[in-house]
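Below is one structure; the comments refer to it alone.
The values are calculated or read from the model by the stated rules, or taken from the named source; none is laboratory data. Keep in mind that what you see is a predicted model, and the values were worked out from it rather than measured. Because the Cβ atoms are built from the backbone with ideal geometry, glycine has one as well, and the counts that use them run over all protein chains shown. Heavy atoms of the whole protein, side chains included, go into the accessibility calculation; ligands, DNA and RNA do not. Shrake-Rupley method; radii C 1.70, N 1.55, O 1.52, S 1.80 Å.
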Amino acid sequence: MLVNVKGLVKRYDKLVALDYLDLQVEEGEIFGLLGPNGSGKTTAINCILSLIRYDKGSIEIFGKPMKPNAYDIKRNIGIIMQNVAVFEELTVYENIYYFCSLYIKDKIEVKRLTREAIEFVSMEDYADFYPKKLSGGLLRRLNIACGIAHKPKLIILDEPTVAVDPQSRNKILEGIKKLNAEGATIIYTSHYMEEVEQICSKIAIIDKGRVIAQGTKEELKAMISLGEKITMELYELPEKNINELKEFPGIYSVEYHENLLEIKSAKGRNNLIHILDYMAKNNIIFGKVYTELPTLNDVFLEITGKELRD
Amino acid sequence: MSLGLYFMRVKCLLRNMEGIFWCYIFPIILSTCLYLGVSKLGAVEEFETIKIAYVVGEAQTELSKEAGTAVSQEQAELSHEVGTAVGHNELLSVMKAAKLSEDKYMFDITLCSSKEAVDLLEKGDIEAYIIGGDRPELFIKENGLNETIVKSFVDSYMQKQITIKNILVSNPEALNNGLIDDLIGQTDFVDISDKHKKPDNIIIYFYAILAYTCIFASNWGLEEVINIEADQSMRGARISASPVSKMRLFACNMLASYTCHIISVILLFLYMKFVLNVKFGDELAYLIAICLAGSLTGLLMGASIGFWIKKKPAIKEAIIIAFSLGCSFLSGMMAVEIKYYVTEKFPLLAYINPVNLITDAMYSLYYFDGHNRYFINLMLLMLMAAVFTVASYFGIRRRNHDSI
Ligand SMILES: Nc1ncnc2c1ncn2[C@@H]1O[C@H](COP(=O)(O)OP(=O)(O)O)[C@@H](O)[C@H]1O
Ligand SMILES: [Mg+2]
């Protein structure tokens, strides 16, 4: 186990930011920490990195207890904070060089790694730019380059795609996958379920400082009763029919408003066929029909009773 | 700590426009303004000959009118008769002889009757008139600098006159030994009261600018803390998560800050000395030494405040600015009188005010021959630096934070 967090508690006065949080990250994973704003993701990362004091719990990284002066552990970690952390007075190249030289002594090696990092985030054309001349997306990429230049074994990214244009976002996500393919273990926090679904091999959903579900995305979706969501465009649907639909086996929720019929069914086969059959028999005319498999949002919704994004 | 990190930090600091402006440019502007202001001020305050009227004692009007024209400078410079020396017309002679400078008389005296004198004063043609006699009387219309000068002159004369009389009563021989020369030959009256004092006050302002620049290093010290503490900045978080000893990195960065800062102080000093031609005296090495000590104290003071005051960076910055301005104010940057007042009434405050220690050390170099007072100030400054070093040391040892 690469990272082992047990029973982590962090309070800010009365507010409990982390409530006996447990996380286990295996080597080679892209571990997603998914939770809404204020759920404690950043606090958890800060504790894991020993940047802040915590009230209770234990944190082990690479099998050793993490402490502020555990330099041998820190040497193998790369961090990308949720806010850009670079020097305004240094160019792109110098920033990466500076942070890399905090990890590696050999100058020639630092230079080589700096070049590689610039290449990795495709910022060759911007090497001599000062941060204030960079767009938001480029700034994020610089932020990432500063965190990964020293080729860490464990990379922690805290919402690296907030306020980033879609193109840069895809580049970032591709980059993370590539780093993982090259052997780095990744902890990735986000409140975007799409991103987490797209890249993470294991996901922990957290809410109010507590892990409420953990597993692969398939495992997470299997945990909930929802199997399929069917949506139909309908201009008219009498109450009687709604009630009859509710009686169908496997269907546990039927809602109709604003000309949309939304049916949630449990896992099972042929749900859609049964419904279409019923519509035909009752001469109900309908427009578009589409079905969706559950998302992590549905998982979150079912466990917490609220949407992931507020 | 590697030299590379040191030079990178120096590069950072020298590219920080704000820091450079306040430390490198602003004091130069300030001292230039002071220089220009002073040369203009000097021109205005250059003393002009004062127009007065002298009314010789009524009974001797005719005689004295004659005498008035006959009174010569030689007569005033050295009177040969005791009677004349202490007589009531002697004041007139002395006033006639008094000079502001080599070729400028202090008073332009009209001899007239008291009626005419009243008229002249009324019209504003003269600033004062004096009715001579055993006890000369001075009449003025307004209270101004010139009136004050005339009054002091007459008062001083009267004082001396009494002294002479007393001396002559007890020791008649004194007259032959140049007594009058000593006492009445006071043509440098204005020189004593003014010329010496003026440059003193001005050099104090240059000292104050130097001292303020030194103490401004506190901002740089604070920046170093913000830069390295995880709860102060994102860069600080990144640095705190890296495998470097924060203590050593901090020392390295402080050294870089110190380097850049003392360069600014030395440049300012050279600018004052060679461009503005400020007369700092001969002990330049001592002057620079106190600047180096002051800059170090400022830097460490800023760091200590940064470590120990639990506030947002912006608030800490405001505190530092208020604090250094306050110290400068109390040390007489705006008005020298405040410095004297504080030193007299609240000596402790003067001793713990780093800006005051710096200016006082510079001041003592200028005014005193020995170096005792200078070294007392230097030692106190170094003591403060030591205290702040300890405070910073324990500040950085607290390692991780309650919150970010
Ligand atoms: N420095 C702090 N002081 C007080 N409360 C804080 C502080 N930092 C975070 N919090 C609170 O802790 C909770 C978790 O915050 P955070 O870890 O930043 O959430 P996330 O990163 O998931 O958005 C929030 O309720 C937030 O308001
Ligand atoms: Mg966060």
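Quick notes on this structure:
- For residue B:333: the one exception among (1) part of a helix (DSSP H, G or I); (2) open to solvent by 10 Å² or more (accessible area, probe 1.4 Å): (1)
- Residue count, segment B:231-241 (criterion: more than 7 Å from chain A (Cβ to nearest Cβ) and touching a residue at least 40 places away in the same chain (Cβ under 8 Å)): 3
- Some residue of segment B:377-395 being open to solvent by 60 Å² or more (accessible area, probe 1.4 Å) and among the polar types (S, T, N, Q): yes
- When A:261, A:276, A:272 are checked against the criterion of being open to solvent by less than 20 Å² (accessible area, probe 1.4 Å) and not assigned by TED's automatic domain parsing to the domain that holds residue A:166, a single residue qualifies: A:261.
- Filter pass, residue A:214 being within 29 Å of residue A:289 (Cα to Cα), more than 14 Å from chain B (Cβ to nearest Cβ), away from ligand 2 (no atom under 16 Å from the Cβ) and of a type in the set (S, T, N, Q): no
- Each residue in segment A:1-19 was checked for being within 15 Å of ligand 1 (Cβ to nearest atom) and assigned to a strand (DSSP E or B), and 11 of them qualify.
- Single residue of A:268, A:209 found to be away from ligand 1 (no atom under 16 Å from the Cβ), in contact with a strand residue (DSSP E or B) (Cβ under 9 Å, 6 or more places away or on another chain) and among the small types (Gly, Ala, Ser): A:268
- For residue A:199: the one exception among (1) at negative phi; (2) more than 13 Å from ligand 1 (Cβ to nearest atom); (3) out of contact with any Leu (no Cβ under 6 Å at 6 or more places or on another chain): (3)
- In segment A:160-190, of all residues being within 16 Å of ligand 2 (Cβ to nearest atom) and without any contact (Cβ under 8 Å) to a residue 40 or more places away in the chain, the one that is most open to solvent (accessible area, probe 1.4 Å) corresponds to A:163.
- Between B:351, B:340, B:366, B:374, the distinction of being under 19 Å from the mean Cα position of the chain (by Cα) and free of Cβ contacts under 8 Å to residues at least 12 places away in the same chain belongs to B:340 only.
- Flag if residue A:72 is part of a strand (DSSP E or B), away from ligand 1 (no atom under 14 Å from the Cβ) and surrounded by fewer than 24 Cβ atoms within 10 Å (Cβ to Cβ): no
- The single condition from (1) within 16 Å of ligand 2 (Cβ to nearest atom); (2) at pLDDT below 90; (3) open to solvent by 60 Å² or more (accessible area, probe 1.4 Å) that residue A:208 fails is (2).
- The condition of being under 38 Å from the mean Cα position of the chain (by Cα), modelled with pLDDT under 70 and assigned by TED's automatic domain parsing to the domain that holds residue B:153 holds for only one of B:78, B:100, that being B:78.
- Per-region count, segment A:121-143, residues within 14 Å of chain B (Cβ to nearest Cβ) and open to solvent by 10 Å² or more (accessible area, probe 1.4 Å): 7
- When residue B:250 is tested against (1) open to solvent by 50 Å² or more (accessible area, probe 1.4 Å); (2) of a type in the set (A, V, I, L, M, F, W, C); (3) in contact with an Asp or Glu (Cβ under 8 Å, 6 or more places away or on another chain), just one condition goes unmet, and that condition is (1).
- Restricted to segment A:80-117, and to residues there that are among the polar types (S, T, N, Q) and surrounded by 16 or more Cβ atoms within 10 Å (Cβ to Cβ), the residue that is nearest to ligand 2 (Cβ to nearest atom) is A:82.
A quick yes/no check of all residues on (1) crowded, with 18+ Cβ neighbours inside 10 Å; (2) at pLDDT 80 or above:
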site: B:125; (1), (2): no, yes
site: B:128; (1), (2): yes, yes
site: B:133; (1), (2): no, no
site: B:142; (1), (2): no, no
site: B:152; (1), (2): no, yes
site: B:166; (1), (2): no, no
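- Taking every residue in segment B:383-404 that is closer than 30 Å to residue A:41 by Cβ and pairing it with any residue that is open to solvent by 90 Å² or more (accessible area, probe 1.4 Å) and within 16 Å of ligand 1 (Cβ to nearest atom), at least 6 positions away or on another chain, the pairs with Cβ-Cβ distances below 7 Å are B:400/A:53; B:401/A:53; B:402/A:53.
- For segment A:1-31, the set of residues classified as within 15 Å of ligand 2 (Cβ to nearest atom), loosely packed, with under 14 Cβ neighbours inside 10 Å and of a type in the set (A, V, I, L, M, F, W, C) consists of A:15 only.
- Among the candidates A:104, A:79, residue that is assigned to a strand (DSSP E or B), farther than 19 Å from residue A:210 by Cβ and touching a residue at least 12 places away in the same chain (Cβ under 8 Å): A:79
- Residue in segment A:32-69 that is farthest from the other protein chains (Cβ to nearest Cβ), counting only those that are in contact (Cβ under 8 Å) with a residue 60 or more places away in the chain and more than 16 Å from ligand 2 (Cβ to nearest atom): A:63
- From the list B:278, B:225, B:244, the one residue that fits, being in a loop (DSSP other than H, G, I, E, B), more than 14 Å from every other protein chain (Cβ to nearest Cβ) and surrounded by 20 or more Cβ atoms within 10 Å (Cβ to Cβ), is B:278.
- Residue A:217 meets all of the listed conditions (1) of a type outside the set (A, V, I, L, M, F, W, C); (2) within 30 Å of residue A:117 (Cα to Cα); (3) buried (at least 17 other Cβ atoms within 10 Å of the Cβ) but one, namely (2).
- In segment B:382-404, the residues that are among the β-branched types (Val, Ile, Thr) and more than 10 Å from chain A (Cβ to nearest Cβ): B:387, B:389, B:390, B:396
- Filter result for residue A:157 (more than 16 Å from ligand 2 (Cβ to nearest atom), within 20 Å of residue B:234 (Cβ to Cβ), buried (at least 20 other Cβ atoms within 10 Å of the Cβ) and within 14 Å of chain B (Cβ to nearest Cβ)): no
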